[in-house]
Amino acid sequence: MGFANGHSVALCNPTTDCPDVRAIHQHVGESGHVFVSVLIRVNSTLEINVVADRHKLIPAHPAHSAMPAEMPVRLRIFSLNCWGIRYLSKHCAQRYAMIGELLSKEQHDVALLQEVWSEKDFHFLKKKLGVTHPYSHYFKSGFFGSGLAVFSKHRIHDAFLYKYTLNGYPYMAHHGDWFGGKAVGKVLLNISGLAIHVFVTHLHAEYCREPDSYLPHRVVQAWELQNFIRHTSAGADVVILGGDLNMHPTDLGIRLLQSYTGLKDCYNETASFDGCEQGFTHITDNPFTHKQELIPFGGGIRIDYVFFKGSKSVDVSCESLSTTKGPVPGQAFPYSDHEALSTELELHPSEDGKGYSNQEKDCTADKLSELVNIVTEARTEVKVGLHCAERMRYTAARTGIMGLALLLLELAIAAVPCFALGTEQPFPKASFYLLGALCFAILFCTTLLYIFYGMEVKALQGAEDQMRLALGSLQERLKAFPKGKYEGHSQTEPDSRDPSTLEPDD
C-alpha cells in the first residue's frame, strides 16, 4: 500500500492477527506526523481504507498505556474548601474572584474544590479558568449539590460520583450537611501516558468534639470512601485524594482510610513545607473562623488533606507542600475560612517494576494486626451509632402511636354530640380543629422520623456487616503468619461503650 511523499510499513499480519482488517500501515509525512492507514474488508466486493493522524489517537483506556519516555513527571495539586454558601458566607463573590485569580496565576495541574454550593459560582470559575484549566467537572448531588468541583489542565476522560449513605439528620437544618449530599467524586486523567485517578471529597463536619453525635456517620463515610477508592483504582498508575475530611490526623476515620488504601499524607511525606504551624488548615488567624473553638487545640486544626499513592510501575514522592496563612496580602480577607493546600508530586518509574501496589510492601504481620485493631474500633463506633439509631426509632414509633391515639380520641369526642339526645350543646370548633391539627402534625412528623431512623439503622447495619466480613478475612490472613510474628499485637479490646451486650429497647 503506497503513500505519496513517503513509505509504508506493515504493522501486523492481516490474515492472522486481524481477520477483518486486510492491512495496517503507517506513513511519515512531510510534516513529521505519523499517519496510520487501515484497509478494512467489509464484504467480498467492498473494502474501506481509513487514514488517521497517529498523534491524535487516544488510547481506549488510559490504564493500559505504556510508560512515558519523559519521566519523571511533576504534578501540582491544589485543594481548598471554598466556603461558598451564597447569601450566607461573607464576601462570597469577591472571594471566588480571588480564588480564580490565584488558580490562573499558579496554574496547578489539578484543582480540587469543596463547598462550591452554587452552580453559578462553578460556571463563574469555569469561565475565568477557561484558558489555564480548560477541563472541569461539577459533581451534582443532594438538594444543594455536593459542592465538589474539579478543574484540570489535562483532559478529563471519565467522572463518577458516589454519595455517602449516611450524612447527618434532616431536622438539624442549621447544620445543613444532610441537604448538601456529601459524596466522593472521581475523575480519570491521562497525563503523559499515565492513568491518574483523582478523588475529591467532603465528609460530615464535626460540630462538637465531645460528645460527637456525628462520629458514627463520619466513620461510615470513611469506610465507604476507602472501599470506593480501593475498588475503583485497581488499574491506576497514580491515585490522588484531596478534600476536607473534617477529621484530625489521628482520628479513627483517617487511620482507617490510610491503613486500608495505603494512601500517604503529603504533610508527613513532603520534602519541603511552607505554611501554617503543624500544617493547620483551620486557624485562629483567619477572621472567618470561630477562635474560641480552636483555642483548645493550640490555635488550629488540620482537617484538609492531600493523599497520594503510586503503583507497581510508578513511584510517587511529595516534593513540596504549602498552605495559605490566613489573610491574603493586599486583600481585606482570606480566600476562605479554610486554608488552601498546594502540593507538588514527582512521578518516576519504579525500579525493576517493583513499586508500591495494593499494600504489597506493607502487607506484614504488624500492619495486618494494626488494621485488625482499627477495623475493630470502627465496628465498635458503628455499633454505638446503631444502638442510638434503634433507640431513636423506637422513640419515634412510640410518639407516633400516642399522636394517633389522641387523634382517634378527639374524633370520638367529636362524634358524641351526634348521638346525644335532648337539646344541642355548643361545640368548640376552633379548639377541636387546633387540637386535631396538632395531633396530625405529631403523627406525620413521627412517621417521617421513623422512616428516616429505619434507613439509618439499615445503613449502619450494612456497614457493620461489611466490617465483620472484612475483619474475618484480615484475621485469616494474620493467621498465615508464624505465631511469633504477631504475638504481642493483640486486638484492641472494645471499650465500655461497646453495645454488643446491649439490647435495643423494644
**OP:** Please label the shape of region 182-338 as rounded, prolate or oblate, based on the square roots a ≥ b ≥ c of the eigenvalues of the alpha-carbon gyration tensor (a/c under 1.5 means rounded; beyond that, a/b larger than b/c means prolate, else oblate).
**Re:** oblate
**OP:** Kindly report the accessible area of region 257-386 per residue (heavy atoms of protein chains, probe 1.4 Å, no ligands, DNA or RNA), in Å².
**Re:** 42 Å²
Original post:
Using modelled amide H (1.01 Å from N, peptide plane; none on Pro or chain starts), what sits under 5 Å from the amide H of residue 320, excluding residues fewer than 5 places away?
Top reply: 271, 272, 344
Original post:
In region 175-215, what percent of the accessible surface is made up of carbon and sulfur (1.4 Å probe, ligands and nucleic acids excluded)?
Top reply: 59 percent
Original post:
What list of whole percents do you get for P(r) of region 129-189, with Cα-Cα distances grouped in 5 Å bins up to the one holding the largest distance?
Top reply: 4, 19, 22, 18, 14, 10, 7, 5, 0
Subject >> Under Karplus coefficients 6.51, -1.76 and 1.60, residue-wise ³J(HN,Hα) of region 452-461 in Hz, glycine/proline x >> reply: 5, 5, x, 5, 5, 4, 4, 5, 5, 5
Original post:
With the Cα gyration tensor of region 91-156 giving a ≥ b ≥ c as the square roots of its eigenvalues, does the rule (a/c under 1.5 for rounded; else a/b larger than b/c for prolate; else oblate) give rounded, prolate or oblate?
Top reply: oblate
Subject >> Dipole of region 275-316, positive direction: furthest Cα of 281, 292, 307, with charges on the beta-carbon >> reply: 307
**OP:** State the percent of C-alpha pairs, over all pairs in region 110-262, separated by a distance greater than 23 angstrom.
**Re:** 37 percent
Original post:
Using alpha-carbon pairs under 8 Å, 6+ residues apart, how would you state the relative contact order of region 222-358 in percent?
Top reply: 29 percent
**OP:** Could you run the Debye sum over the Cα atoms of region 209-295, one equal point scatterer each and no solvent, and tell me log10 of I(q)/I(0) at q = 0.11, 0.13, 0.17, 0.21 Å⁻¹, two decimals?
**Re:** -0.40, -0.55, -0.89, -1.17
Original post:
residue 348 to residue 171: FRET efficiency via 1/(1 + (r/R0)^6), r the Cβ-Cβ distance, R0 45 Å, to the nearest 0.05?
Top reply: 0.30
Original post:
Working out 0.36 nm times the residue gap between residue 230 and residue 91, then minus their Cα-Cα distance, what length gain in nm do you get to one decimal?
Top reply: 46.2 nm
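The values are calculated or read from the model by the stated rules, or taken from the named source; none is laboratory data. Note that the structure is a prediction, hence the values are computed from the model and not measured. Neighbour counts run over all protein chains shown; Cβ positions are idealised from the backbone, glycine included. Quick note on the areas: whole protein, heavy atoms, side chains included, nothing else; ligands and nucleic acids left out. Shrake-Rupley method; radii C 1.70, N 1.55, O 1.52, S 1.80 Å.
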